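*Asks:* Take a look at the following structure, please.
What follows is calculated from the coordinates using simple rules that are stated; it is not laboratory data. Computed from a predicted structure; not experimentally measured. Every residue, glycine as well, gets a Cβ built from its backbone with ideal geometry; the counts of neighbours run over all protein chains shown.
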Amino acid sequence: MGCLVLVGGKPQTLKIDAETVQAIAKFLGIERSDQVTAISMAISSRPRGRGKGGSGRSAARSTRRPRKE
Amino acid sequence: MTNGHLPPDVKRTSVLRRVPSLAEVRFRSECGEEGDVCAFELSIDAFPVTVEAPTGRVMAIVPGDVFLATPGHRQSTRWVDGKIPPGGLTPGGHYWVLADCGLVGELVGNSPSEKNHLGRVKYVGKVYGKGGLGLNIRQFALPAPTASNRSMPVYLVLGTSGDSGKTTAGLAVLRTLRMQGHATVTALKATGSPLLEEISRYRDFGAAQAFDCVDFGLPATDPLGRDGISETFDRMLDYCFSLPADALVVECGGDLFGANVPAFLKCLRLRRPDPKIVLAATDALGALGATRVLSDMGLAVSLITGPCTDTPTFRERTEALCGVPAINLLRRPGEDGNRI
């Protein structure tokens, strides 16, 4: 996770990295949103590709034209 | 100048940001009250001053300029104290630009720090619209909410003084909420003097919407104990709670006792008895005092930040005195070896 940098009218720099986010979330009891959980569950339960002739990413890869030498 | 016209593109300050552009700017030589749209003149022999334009940019007012701003009160912990005299500003009278957003009034006191907005101006007259009625920013406030209160959590940022790191703390909380997947967060700068640049930062950092007192018809929430302030805070909170959002981040400008923060806390607690509080403190003793004052009000601090966490020694002392976790938000991880 990257840092965000705020440079305002005052000479200050705000760094928000994973460590800070985890600390603030812990101390303020901010949990992962249901929206994020639902999306990650949807991604993890998505049907996998079935190889040649099937659907999904591996099928898409198998129908790709061979690169010209 | 008594009664007259000004060009439609006359310079105006950000406290008037909700006032629509006027095809014709007419003014009358009448007393100016809080929130009235008023014309002021910077004398030809003055130094230029800078104020905030309605776009949020820093705008110069140069000697001889006539510009639009509003009478306002200011009781700052670190910058300027000023007020509207009884009866309002008198045409031809000389007053001071008290805040970047364009509050103008009598100067009561001034800290030694440099302020580019502070300049002496002459009050020219009150601007009026079609039908001859004077214009006031409350005529352009947000309407009363139509939806009922929603049950979003509230994250409240309080400080021991101005410049104690409240906005930085508020932005960090906002960013944490967004990174934890809370898509729609509302930000509210509830008390103190408004500054568009400040609430724009909340938008930059991912707030779906950000408001301050100007959106609710007031140029500032000073002075302390003013009439009707609870009703304004009620409208502010009801409006924010009526919006579809996952969370509300509230920053209270000033310290715990100024800008009517106690009245705001009372209004907030009627709706959310137990908000999560982040305290921005300049020093460990300030943090201790604020923690105790809030405890007496029945409020618990969840996290402390600000200059009282700038060195590991100071941060640890703050934690030990207050019994509350303290973190610093302005350093890279590992920069002080022990930031969290």
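*Asks:* Would you kindly derive the ³J(HN,Hα) couplings of region B:200-205 from the backbone phi angles with the Karplus curve 6.51 cos²θ - 1.76 cosθ + 1.60 (θ = phi - 60°), listing them in order in whole Hz, with x for Gly and Pro?
*Replies:* For region B:200-205, the Karplus-derived couplings read 5, 4, 4, 5, 4, 8 Hz, x marking Gly and Pro.
*Asks:* Please give, to one decimal in nm, the separation of the simple spin-label points placed at B:H5 and B:A208, each 7 Å out from Cα toward the Cβ.
*Replies:* 4.5 nm
*Asks:* Would you be so kind as to identify which of B:I61, B:S29, B:G134 lies farthest towards the positive end of the dipole of region B:4-140, taking Lys and Arg as +1 and Asp and Glu as -1 on Cβ and the Cα centre as origin?
*Replies:* It is B:G134.
*Asks:* Would you work out the charge dipole size for chain B about its Cα centre, treating the Cβ of every Lys and Arg as +1 and the Cβ of every Asp and Glu as -1, and quote it to the nearest 20 debye?
*Replies:* Its charge dipole is roughly 580 debye.
*Asks:* Further question: For region B:154-322, take the convex hull of the Cα atoms, compute a quarter of its surface area, and give me that in nm², please.
*Replies:* So the Cα hull casts an average projection of 9.1 nm².
*Asks:* Compute the acute angle (0 to 90°) between the alpha-carbon long axis of helix B:284-296 and the principal axis of greatest extent of the alpha-carbon atoms of chain B; round to the nearest 10°.
*Replies:* 90 degrees
*Asks:* Residue-wise, which Karplus ³J(HN,Hα) couplings in Hz belong to region B:101-118, taking 6.51 cos²θ - 1.76 cosθ + 1.60, θ = phi - 60°, and x for glycine or proline?
*Replies:* 6, x, 7, 10, x, 6, 7, 9, x, 8, 6, x, 5, 6, 9, 6, 7, 6
*Asks:* Here's another thing I want to ask about it. Express in whole angstrom the spacing between the alpha-carbon centres of region B:85-145 and region B:156-211.
*Replies:* 26 Å
*Asks:* How big is the convex hull of the Cα atoms of region B:40-188, per residue, in Å³?
*Replies:* Hull volume normalised by residue count: 179 Å³.
*Asks:* Given H placed on each backbone N at 1.01 Å, which residues far from B:H182 in sequence or on other chains put an amide H within less than 5 Å of it?
*Replies:* A:S33
*Asks:* Could you go through region B:22-37 in sequence order and give the Karplus-derived ³J(HN,Hα) for each residue, using 6.51 cos²θ - 1.76 cosθ + 1.60 with θ = phi - 60°, rounded to whole Hz, and x for Gly and Pro?
*Replies:* Karplus-based 3J(HN,Hα) across region B:22-37 equals 10, 5, 9, 9, 10, 10, 10, 7, 9, 5, x, 10, 3, x, 5, 7 Hz.
*Asks:* Can you give the convex hull volume of the alpha carbon atoms of chain B per residue, in Å³?
*Replies:* 138 Å³
*Asks:* Sticking with this one: Going highest first, how would you order B:4-12, B:214-222, B:202-210 by mean Cβ packing within 10 Å?
*Replies:* B:214-222, B:202-210, B:4-12
*Asks:* Treating the beta-carbon of each Lys and Arg as +1 and of each Asp and Glu as -1, no other charges, what is the dipole magnitude of region B:4-140 about its Cα centre, to the nearest 20 debye?
*Replies:* 300 debye
*Asks:* With everything on Cα atoms, drop me the angle between helix B:229-242 and the longest principal axis of chain B, reported from 0 to 90° to the nearest 10.
*Replies:* 70 degrees
*Asks:* Another one. I need the Debye-formula profile for region B:1-86: one equal scatterer per C-alpha, no solvent, reported as log10 I(q)/I(0) at q = 0.10, 0.15, 0.21 1/Å, two decimals.
*Replies:* -0.27, -0.62, -1.23
*Asks:* Here is a further query. What is the fewest-to-most order of B:S14, B:S148 by other Cβ atoms lying within 10 Å of their Cβ?
*Replies:* B:S148, B:S14
*Asks:* Past 25 Å, Cα to Cα, is the threshold; run B:K11/B:K126; B:K11/B:K122; B:K130/B:K189 against it and keep the listed order.
*Replies:* B:K130/B:K189
*Asks:* Angle between the Cα long axis of helix B:312-322 and the longest principal axis of chain B, 0 to 90 degrees, nearest 10?
*Replies:* Between the helix axis and the principal axis of chain B, the angle is about 90 degrees.
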